[in-house]
Every structure is written in structure tokens, then in C-alpha cells.
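The values are calculated or read from the model by the stated rules, or taken from the named source; none is laboratory data. Worth saying up front: this structure is predicted, and the values here are computed from it rather than measured. Cβ: placed from backbone, ideal geometry, glycine included. Neighbour counts: every protein chain shown. When the accessible area is computed, the model is the full protein with side chains, heavy atoms only, and any ligands, DNA or RNA have been set aside. Shrake-Rupley method; radii C 1.70, N 1.55, O 1.52, S 1.80 Å.
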Amino acid sequence: LPGVMDIAVKICKKHGINKTRLAYERWSCKTNGISVFLTYNFWFRKFMPSLFAGKIKKMLERNSIRYTDNFYGALIIDANNIQDKLLLVLDAVEDGVSELMVHPGLNNNKRKAEYSALKSDAFRNKIKEKGIELISYLEL
């Protein structure tokens, strides 16, 4: 991963890109559960990135490339109960700028469920209840 990030940083600098995703998600038993340890998502989207997160953060900061303070979504991407999981994620959001990675769509059942969850009154109400302000990467 650090070798890939070296290349990514060079490309960012060459093209004037000063923002990127740092897909390092903190694990939470309440949000992610214990069974996540048995999944591909945990080992390749949590454990492996955790080995390099500190080094990558320093590299990005040294090169003035901005990333969000918190990242959520990688560990719930294939959850069957996506609406419940998304609401738990909103409950767990920490202070700072956070990214919620989602892939809603209408082309398969998992993506449709994610789309519906994001459009739900429960999701919108939780955002209001938690005082979460929605922004885009342009505002980082």
C-alpha cells in the first residue's frame, strides 16, 4: 500500500489534486459486530489498511493533501440489514469531517436496499437528530 500511495501522491501533485479518500475505518463492535472478523471486508478493508494508516496520513499531510478525519462504510458494504447498519454508523460518527462510503443504485437488490435506506425518513431524521452537516469533497 505505501508504494501505491507514493504513486497516487505523485499523480495528485502532478494534476493539482489536493483531496483524497483515506479509507481507514475504525472497527466498532456495536456498529460492525463480531462476525465481521470472518469477512473479506474486515481483513482487506480494515486490518490491512490499519497496518499503514499512520504512514499514509503522514505522507498525505507532508504533501498537503487533505482527507477526511473519519471514514465509515467499508465494513458494512455487504450487510443484509443495511438500514439498521447505516443508522448505527450515524450514531457512531465522531467529531470532525467524516465520509460515509455508500454505493446506492437500482441495478441489484443490495444496491436498491442501500438506496432506499439513504432515502428513508429514519436516515434523514437521524442526520438531523445528530446535527450532521452534509458536504461534498469540494468543501474539504
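Could you check the stretch 49-67 and list, in sequence order, the residues that are modelled with pLDDT of 85 or more and either open to solvent by less than 10 Å² (accessible area, probe 1.4 Å) or touching a helix residue (DSSP H, G or I) at 6+ places or on another chain (Cβ under 7 Å) (or both)?
Within the stretch 49-67, Lys55, Ile56, Met59, Leu60, Asn63, Ile65, Tyr67 qualify.
Looking only at residues that are in contact with a helix residue (DSSP H, G or I) (Cβ under 9 Å, 6 or more places away or on another chain) and β-branched (Val, Ile, Thr) in the stretch 6-22, which one is least open to solvent (accessible area, probe 1.4 Å)?
That would be Val9.
List every residue pair whose Cβ atoms lie under 8 Å apart, where the two residues are 6 or more positions apart in sequence or sit on different chains, the first residue falls within the stretch 1-22 and is in contact (Cβ under 8 Å) with a residue 60 or more places away in the chain, and the second residue, located anywhere, is open to solvent by 40 Å² or more (accessible area, probe 1.4 Å).
Here the result reads Lys19/Arg66; Lys19/Tyr137; Lys19/Leu140, each pair linking the stretch 1-22 to a residue that is open to solvent by 40 Å² or more (accessible area, probe 1.4 Å).
Restricting the first residue to the stretch 111-140 and requiring it to be over 28 Å from Thr20 (Cβ atoms), which pairs with a second residue that is in a helix (DSSP H, G or I) and open to solvent by less than 90 Å² (accessible area, probe 1.4 Å) meet a Cβ separation below 7 Å and a spacing of at least six or different chains?
Every condition considered, the pairs that remain are Ala113/Ile82; Ser120/Gln83; Ala122/Gln83; Ala122/Leu87.
Being exposed (fewer than 15 other Cβ atoms within 10 Å of the Cβ) and either within 22 Å of Ser50 (Cβ to Cβ) or modelled with pLDDT of 90 or more (or both) is the requirement here; does Glu133 meet it?
yes
Among the residues of the stretch 3-42 satisfying the criterion of being part of a loop (DSSP other than H, G, I, E, B) and modelled with pLDDT under 65, which is nearest to Ala92 (Cα to Cα)?
Ser28
For residues in the stretch 92-130 being within 13 Å of the chain's Cα centre (by Cα) and loosely packed, with under 13 Cβ neighbours inside 10 Å, which is farthest from Ser50 (Cα to Cα)?
Checking each candidate, the answer is His103.
Against the conditions (1) open to solvent by less than 40 Å² (accessible area, probe 1.4 Å); (2) over 25 Å from Val9 (Cβ atoms); (3) out of contact with any Leu (no Cβ under 8 Å at 6 or more places or on another chain); (4) modelled with pLDDT of 85 or more, where does Val89 fall short? Just the number, please.
Unmet for Val89, out of (1) open to solvent by less than 40 Å² (accessible area, probe 1.4 Å); (2) over 25 Å from Val9 (Cβ atoms); (3) out of contact with any Leu (no Cβ under 8 Å at 6 or more places or on another chain); (4) modelled with pLDDT of 85 or more: (3).
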